[in-house]
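One structure below.
The values are calculated or read from the model by the stated rules, or taken from the named source; none is laboratory data. Given the structure is predicted, the values throughout are model-derived calculations rather than measurements. Ideal geometry is used to build each Cβ from the backbone, glycine not excepted, and the neighbour counts take in all protein chains shown. Surface areas here come from the heavy atoms of the whole protein model, side chains and all, with no ligands, DNA or RNA. Shrake-Rupley method; radii C 1.70, N 1.55, O 1.52, S 1.80 Å.
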Amino acid sequence: MNLEEGAGLLHRLTSYVPDRDWDVPVDDPRIRHDLVPDDPATLPPQMKAYPGGLEVLPLPRDLPDPGVSATAVLAGVAAPARPLDAAQLGRILFLGAGVVRSGERNGRRILFRASGSAGARFPLEVYVSARNVAGVPDAVYWYDAVEHALVRIGPAAEGTATTLVVTGVPWRTGWRYAERGWRHLYWDAGTLLAQLWAAADSAGLGTRLRSLFPDATVRELVGADGVHEYPLALLSLGDGDPAIRPSKPAAPGDLPEVELPLCTGAQRAGDRDTLGEPWPAGEPLTDVPSSATLDEVIRRRGSQRRMDRSRTLPADLLRWPVAAALRGVPVPHWVAVHGVDDVTPGLYRWPELDKPARAGDLRDELLRVCLNQDLAADAAYVVIAATPAETLDDRGYRDAQLAAGIVEGRLHLAAYALGAGASGMTFVDSDVPALLGEPGELATLLFTCVGVPEYRSRPGGGPGDPVAVRMVVPRLTDS
């Protein structure tokens, strides 16, 4: 990865270092210095908007739960195939991108989606290129998560397999995290895809994830301009040819026209014009602990903001969730163990949990590396994704960030299925190589904290009926 251009340049210029606060931009002309983080005057809308007059197809609000346990889905156990109709499609969309809770922050209503997002920014949009879905005419649609409805934005595309397109809106997350928010697009997309993928697999729909696709073609398919919105991944429901070749450009919709040129450059550097093979699903796990259904677990999942440092987790709640989360994912991961029964505290390179690479209490070091956010020290363990930068090109960097997000999303589901809690975590990039004992230029991707919850989130509501919640403030240790 060339650190002087494209994704490499973005990675370098958005890396946190100890002697600069996270919200202070690096002194470089390629970073925008005229945008104030968290400025109420420039707050972007939480969702894309479309003009009136477009056809709207309400989706059934009675969601058909297949009754498959969350752990069985995460383990890769094949589920019986169910028909793909409007209700099942609506269920999949809702369990990934639906609005399940609402809260208030600074006098504004916040819509919380079924999948997590850093800072509750929810910078993603989901589109459906429908083919042969009972009750849904073949066409290209935008998913309206508030109304639980499909808005028709284009005619049917060429291809045989109904395909979900996940896009990212960089300003929606950049508003808080500036250009580093580009990384959050892929982390959040991975978390969302983990739930969409699991929901589709629980209905036996033969799900196929692709991160290599012809970018310009997919932009035209969903009406993304490649500057204020761009496609991140495809999820096809079935083995057929993904329905991504548009017969006519889609209606573009409305987004704030705020550009982060460094993000635009990183995205364009990875653009390709070919359709890649689906991601491997990974070998199924033979051990499947019992749990509630996937639908129930997703409803009660929330980003845990406080954990109980005084309590530990059993070793099985480390080994099984991490094994399930990393099924089919080749990105290297480490585990910093703080409080796991029968596992010596220290740092381990997965899957080698018999002997630590570093033994000892790492709570204070994790706290410092994670910008004094207490979850990093209060968790029972912290899962760390990182990979040598030299192994990545501009597209590979996208894939690595997406893979880290998928692992985080699966860890969330596995933790909540088995009675624990989880939350993603950011980090000081320059301190991670020493923490991991890895030489050379390391592209740190994502931290995920797993531990004993200090509180339980209220289960989310159904389509059109989000549950009102009180905002929980995470603990921060003074630096």
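Scan region 267-274 and tell me whether some residue there is surrounded by 19 or more Cβ atoms within 10 Å (Cβ to Cβ), of a type in the set (A, V, I, L, M, F, W, C), in contact (Cβ under 8 Å) with a residue 12 or more places away in the chain and touching a helix residue (DSSP H, G or I) at 6+ places or on another chain (Cβ under 9 Å). Checked against the condition, which is being surrounded by 19 or more Cβ atoms within 10 Å (Cβ to Cβ), of a type in the set (A, V, I, L, M, F, W, C), in contact (Cβ under 8 Å) with a residue 12 or more places away in the chain and touching a helix residue (DSSP H, G or I) at 6+ places or on another chain (Cβ under 9 Å), region 267-274 yields at least one hit. When Arg300 is tested against (1) surrounded by fewer than 17 Cβ atoms within 10 Å (Cβ to Cβ); (2) among the charged types (D, E, K, R); (3) more than 18 Å from the chain's Cα centre (by Cα), only condition (3) is not met.
For region 35-89, a residue qualifies if it is out of contact with any strand residue (DSSP E or B) (no Cβ under 8 Å at 6 or more places or on another chain), among the acidic types (Asp, Glu), touching a residue at least 40 places away in the same chain (Cβ under 8 Å) and open to solvent by 50 Å² or more (accessible area, probe 1.4 Å), and exactly one does: Asp38.
On the stretch given as region 140-156, residues that are among the hydrophobic types (A, V, I, L, M, F, W, C), over 17 Å from Ser236 (Cα atoms) and not in a strand (DSSP E or B) total 2.
Taken together, the residues in region 121-158 that are open to solvent by 20 Å² or more (accessible area, probe 1.4 Å), over 19 Å from Leu192 (Cα atoms) and either under 20 Å from the mean Cα position of the chain (by Cα) or not charged (D, E, K, R) (or both) amount to 6. Counting the residues of region 1-18 that are touching a Leu at 6+ places or on another chain (Cβ under 7 Å) and open to solvent by 20 Å² or more (accessible area, probe 1.4 Å) gives 3. Which members of region 368-393 meet the condition of being assigned to a helix (DSSP H, G or I) and farther than 20 Å from Asp188 by Cβ? If the condition is that a residue be assigned to a helix (DSSP H, G or I) and farther than 20 Å from Asp188 by Cβ, then Arg368, Val369, Ala377, Asp378, Ala389, Glu390, Thr391 are the ones that fit. Exactly one residue out of Ser290, Ser310 is open to solvent by 50 Å² or more (accessible area, probe 1.4 Å) and either in contact (Cβ under 8 Å) with a residue 60 or more places away in the chain or in contact with an Asp or Glu (Cβ under 8 Å, 6 or more places away or on another chain) (or both): that is Ser290.
Residues that are part of a strand (DSSP E or B) and crowded, with 24+ Cβ neighbours inside 10 Å within region 159-186 comprise Thr163, Leu164, Val165, Val166, Gly168, listed in sequence order. Residues that are within 30 Å of Leu418 (Cα to Cα) and either within 24 Å of the chain's Cα centre (by Cα) or assigned to a helix (DSSP H, G or I) (or both) occur in region 41-63; there is at least one.
Using the structure shown, decide if Thr274 is in a loop (DSSP other than H, G, I, E, B), within 20 Å of Ala380 (Cα to Cα) and at pLDDT 95 or above. No; evaluated as a whole, the condition is false for this residue.
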